[in-house]
Every structure is written in C-alpha cells, then in structure tokens.
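Engineer: Encoded as structure tokens, here's the structure I'll be asking about.
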Amino acid sequence: MREFLYRLVQRLLDEVRPLSRNKHFHAFGDAESRRALHIDRHLRDLEARLSELRERGERPRVRPLPDGGVQLVLRHRELSVVRTATLSAQEARLLARHPAGAWALGCPAVEQVSAAAARKGQ
C-alpha cells in the first residue's frame with residue numbers, strides 16, 4: 001500500500017503529466033489517498049521555500065536519519081524562526097527531483113543526471 005501512496009504523490013508532483021485532483025476526485029476518497037495530497041502539499045511548500053533559500057545562497061542544514069530519510073532545518077531570516085522538516089527516504093527522493101530540492105540535499109537534479117546520461121550515450 002505504501003508503494004501506491006508514493007506513486008500517487010509522484011503523479012501529483014509530475015509537471016509533464018500531472019494527475020488532476022478534480023478530474024480524478026474518486027481516487028482521493030480514502031484516507032491513504034488523502035495522505036498523498038498532504039504529502040504533495042508539504043513537498044511543494046518545501047520546494048518553494050528551498051527555491052527562495054537557493055536564490056539567496058543560504059543552504060539548509062541536512063541531517064541524515066537512520067532509515068534513509070532526512071531532516072531539513074530551514075532558517076527564516078525575517079521571522080527569526082527555524083522550520084524542521086522530516087522526510088522519509090521516499091519523500092527525500094521525490095524532493096530531489098526538483099532542482100532546489102536536489103541542491104539542498106546535495107545531489108544532482110534528475111534533469112542534470114538524465115542530460116549527462118544522454119551526452120554519455122551519444
């Protein structure tokens with residue numbers, strides 16, 4: 001069931017062919033699917049915040065967790081607060097697909113990896 005949850009989140013985050021929440025409302029009728037919507041909103045919010053930090057050149061602190069997940073510590077300059085986001089391994093992989101997420105996690109973005117693979121194959 002967990003595999004279905006993260007495939008659903010991946011479809012929600014997919015910019016090329018996103019899953020419409022309105023068109024497929026029946027798919028979000030159970031608790032597990034509503035959890036996918038919650039994860040989607042959480043990851044999109046993190047992507048936006050990380051994009052802001054990336055533009056300013058402020059890297060967040062990243063703490064690896066024993067189960068393969070990560071904990072991101074993001075400082076807010078104007079409000080003098082700290083936000084801590086704990087992500088599972090699957091959520092971290094989904095966040096790494098976004099350029100700002102890959103920058104924060106210290107891994108190459110999916111687009112960069114696929115472009116490098118295409119160049120290597122030519």
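The values are calculated or read from the model by the stated rules, or taken from the named source; none is laboratory data. Values in this document were obtained by computation on a predicted structure and should not be read as measured data. With ideal geometry, Cβ positions are generated from the backbone for all residues, glycine too; neighbour counts draw on all protein chains shown. Protein only, heavy atoms only, side chains kept; ligands, DNA and RNA dropped before computing areas. Shrake-Rupley method; radii C 1.70, N 1.55, O 1.52, S 1.80 Å.
Engineer: For region 1-17, what are the residues that are modelled with pLDDT of 70 or more, open to solvent by 30 Å² or more (accessible area, probe 1.4 Å) and in contact with a helix residue (DSSP H, G or I) (Cβ under 7 Å, 6 or more places away or on another chain)?
Structural biologist: Once the filter is applied, which keeps residues that are modelled with pLDDT of 70 or more, open to solvent by 30 Å² or more (accessible area, probe 1.4 Å) and in contact with a helix residue (DSSP H, G or I) (Cβ under 7 Å, 6 or more places away or on another chain), region 1-17 yields only GLN10.
Engineer: Considering only region 73-83, I want to know if a residue exists there that is among the charged types (D, E, K, R), touching a Phe, Trp or Tyr at 6+ places or on another chain (Cβ under 6 Å) and at pLDDT 85 or above.
Structural biologist: Initially, region 73-83 is screened for residues among the charged types (D, E, K, R), giving 75, 77-78, 83.
Then keep just the ones that are touching a Phe, Trp or Tyr at 6+ places or on another chain (Cβ under 6 Å); that gives none.
No; the residues of region 73-83 include none that is among the charged types (D, E, K, R), touching a Phe, Trp or Tyr at 6+ places or on another chain (Cβ under 6 Å) and at pLDDT 85 or above.
Engineer: Now for a different question. Name the residue, out of ASP45, ASP67, that is open to solvent by 100 Å² or more (accessible area, probe 1.4 Å), of a type in the set (Asp, Glu) and modelled with pLDDT of 70 or more. Walk me through it before giving the result.
Structural biologist: Numbers: ASP45 fails: open to solvent by 100 Å² or more (accessible area, probe 1.4 Å).
Answer to the selection: ASP67.
Engineer: Would you say SER20 is open to solvent by less than 60 Å² (accessible area, probe 1.4 Å), at pLDDT below 85 and not in a helix (DSSP H, G or I)?
Structural biologist: On the way: open to solvent by less than 60 Å² (accessible area, probe 1.4 Å): yes; at pLDDT below 85: yes; not in a helix (DSSP H, G or I): yes.
Yes, satisfied.
Engineer: Here's something else I'd like to know. Select from region 70-82 the residues that are loosely packed, with under 12 Cβ neighbours inside 10 Å and in a strand (DSSP E or B) and list them in ascending order. Lay out the reasoning, then the answer.
Structural biologist: Narrowing region 70-82 to residues loosely packed, with under 12 Cβ neighbours inside 10 Å: 77-82.
Residues satisfying the conditions are VAL81, VAL82.
Engineer: Is there any pair linking a residue in region 83-103 that is crowded, with 17+ Cβ neighbours inside 10 Å to one that is among the hydrophobic types (A, V, I, L, M, F, W, C) and assigned to a loop (DSSP other than H, G, I, E, B), with Cβ under 6 Å and at least six apart or on different chains, and which?
Structural biologist: Taking only residues 6 or more apart or on different chains, the pairs are ALA96/CYS107; PRO99/ALA109; ALA102/ALA96; ALA102/ALA109.
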